[in-house]
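Read the figures in this text as sums done on the coordinates, not as results from a lab. Note that the structure is a prediction, hence the values are computed from the model and not measured. Cβ coordinates were reconstructed from backbone atoms using ideal geometry, including for glycine residues, and neighbour counts include every protein chain displayed.
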Amino acid sequence: MSLRQNLATNLRRIRAKREMSQDDFAALIDIHRTYLNHLEGAKRSPTIDVIEKMAARLDVSITDLLGDPRRGE
């Protein structure tokens, strides 16, 4: 599994666990919801700055976002 796919799977899972909609989370990290949708669909790759924002707002490490999703949070 690629890092992009890991991010997509982990981001969807962690965001859903926090009960945040894509709209709410996108607004929280100051990106467009469509861009977030593309990240969660593994269609786009985020910048390091966006990865840092996502990890901070979800209160997880960057490793939690990019690591093997089979190991969980």
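Filter the stretch 17-73 down to residues that are part of a helix (DSSP H, G or I), surrounded by 14 or more Cβ atoms within 10 Å (Cβ to Cβ) and in contact (Cβ under 8 Å) with a residue 40 or more places away in the chain, then give me how many there are.
7
Conditions tested, residue by residue: (1) among the charged types (D, E, K, R); (2) within 10 Å of the chain's Cα centre (by Cα).
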site	(1), (2)
18	yes, no
28	no, no
31	no, no
54	no, yes
58	no, yes
66	no, yes
